[in-house]
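*Asks:* I'd like to ask some things about the structure below.
The values are calculated or read from the model by the stated rules, or taken from the named source; none is laboratory data. All figures in this text were calculated on a predicted structure; none of them were measured in a lab. Here Cβ is always computed from backbone atoms with ideal geometry, including for glycine, and neighbour counts include all displayed protein chains. Ligands, DNA and RNA are excluded from the accessible area calculation, which covers all protein heavy atoms including side chains. Shrake-Rupley method; radii C 1.70, N 1.55, O 1.52, S 1.80 Å.
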Amino acid sequence: MEIRQPIHSAHARTLDTQGLREQFLVEQLFKPDETTLTYSQIDRIIVGGIMPVNQALSFAPELGRHTGTDFFLQRRELGLINIGGAARVKVDEQSFEIGPREALYIGQGARALEFRSLDPAQPAKLYFNSAPAHTAYPHRKVTLAEASPETLGSPETSNRRTIYKFLVPDVLPTCQLLMGMTQLEPGSLWNTMPCHTHDRRMEVYFYFDMNENAVVFHMLGEPSETRHLVVRNEQAVISPSWSIHSGVGTQAYTFIWGMVGENQVFKDMDHVPMSALR
Ligand SMILES: O=C(O)C(=O)C[C@H](O)C(=O)CO
Ligand SMILES: [Zn+2]
């Protein structure tokens, strides 16, 4: 498991391209028949990918070394969204079939986890976020139809997109984790512009649905000190509370956002006037 320390905005301002990438970019989430994990000390979110192909995967008991617990979810909750082929996920004695673009919430205390692909020719790709949790809410699958969609933006401003909110209080209870997926319409390139910060929550964006030559220029930094990262397919960006998080692609793309922190109010954002951007 890779550990990332928190970063102060004054330090981030001084970084060059490589330094910014080392702090904020998670370059490889999916490896066949492996589980990847990146532990950010910002609100202690863990970001990762599970890609079972020819074998079932689970969380190794050694992970307890990093969490200081007997098993991975002893004091954590986990949300995943499947961006690959159909998966079977066993959570203790319960079993869930998670199709493409479906989500699963796994509550605190789940011990035995098993992830497998239904068809190795179309492997599942389970992108997940995990956060510290204080109580055990029920495990639950959430379909795209249940994910309270909200369409916003316009073709004129090149930001027409639909936000699917999978793990939010209107859909199900979680301790702190919020997760959803934003899909841009063909021809739209911008997400989250006008942009915002949220001093009370951190956020991670995971970009996908991109071909190998496509990139997203992801904007980060304080509104008055913006920087960018060149992000490719299936890469994630960690966004501290003080940072904007917005992107423009060379073509349409989809991304999964996950947030943890002080509250679960999706609209609790500090909106940045366009005139304040530098
Ligand atoms: O396209 C968007 O706008 C988003 O998806 C915004 C994210 O959901 C977000 O940043 C929530 O705080
Ligand atoms: Zn945000």
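*Asks:* I'd like the full set of residues that are open to solvent by 40 Å² or more (accessible area, probe 1.4 Å) and assigned to a helix (DSSP H, G or I), limited to segment 14-54.
*Replies:* THR17, GLN18, ARG21, GLU22, GLN23, listed by residue number.
*Asks:* How many of the residues making up segment 233-253 are part of a loop (DSSP other than H, G, I, E, B) and surrounded by 17 or more Cβ atoms within 10 Å (Cβ to Cβ)?
*Replies:* Of the residues in segment 233-253, the ones part of a loop (DSSP other than H, G, I, E, B) are 233-234, 240-245, 250-253.
If we keep only those that are surrounded by 17 or more Cβ atoms within 10 Å (Cβ to Cβ) as well, we get 234, 240-245, 252-253.
Residues in segment 233-253 being part of a loop (DSSP other than H, G, I, E, B) and surrounded by 17 or more Cβ atoms within 10 Å (Cβ to Cβ): 9 in total.
*Asks:* Of all residues in segment 55-93, count the ones that are surrounded by fewer than 15 Cβ atoms within 10 Å (Cβ to Cβ), not charged (D, E, K, R) and not in a loop (DSSP other than H, G, I, E, B).
*Replies:* Residues that pass the stated criteria total 3.
*Asks:* Suppose the filter is over 22 Å from SER275 (Cα atoms), away from ligand 2 (no atom under 13 Å from the Cβ) and surrounded by 21 or more Cβ atoms within 10 Å (Cβ to Cβ); does LEU184 pass it? Before the answer, list the steps.
*Replies:* Numbers: over 22 Å from SER275 (Cα atoms): yes; away from ligand 2 (no atom under 13 Å from the Cβ): yes; surrounded by 21 or more Cβ atoms within 10 Å (Cβ to Cβ): yes.
Yes.
*Asks:* Please determine whether any residue of segment 187-203 is crowded, with 23+ Cβ neighbours inside 10 Å, within 15 Å of ligand 1 (Cβ to nearest atom), farther than 19 Å from ASP270 by Cβ and within 17 Å of the chain's Cα centre (by Cα).
*Replies:* No: zero hits.
*Asks:* Further question on the same structure: Within the set of pairs 6+ apart or on separate chains, which have a first residue in segment 188-206 that is on the phi > 0 side of the Ramachandran plot and among the polar types (S, T, N, Q), a second that is modelled with pLDDT under 95 and within 10 Å of ligand 1 (Cβ to nearest atom), and C-beta atoms under 8 Å apart?
*Replies:* No pair meets every condition.
Here is a yes/no grid of residues against (1) modelled with pLDDT under 95; (2) assigned to a strand (DSSP E or B); (3) within 16 Å of ligand 2 (Cβ to nearest atom):
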| site | (1), (2), (3) |
| --- | --- |
| GLY109 | no, no, no |
| ALA121 | no, no, no |
| TYR127 | no, yes, no |
| ALA131 | no, yes, yes |
| LYS141 | no, yes, no |
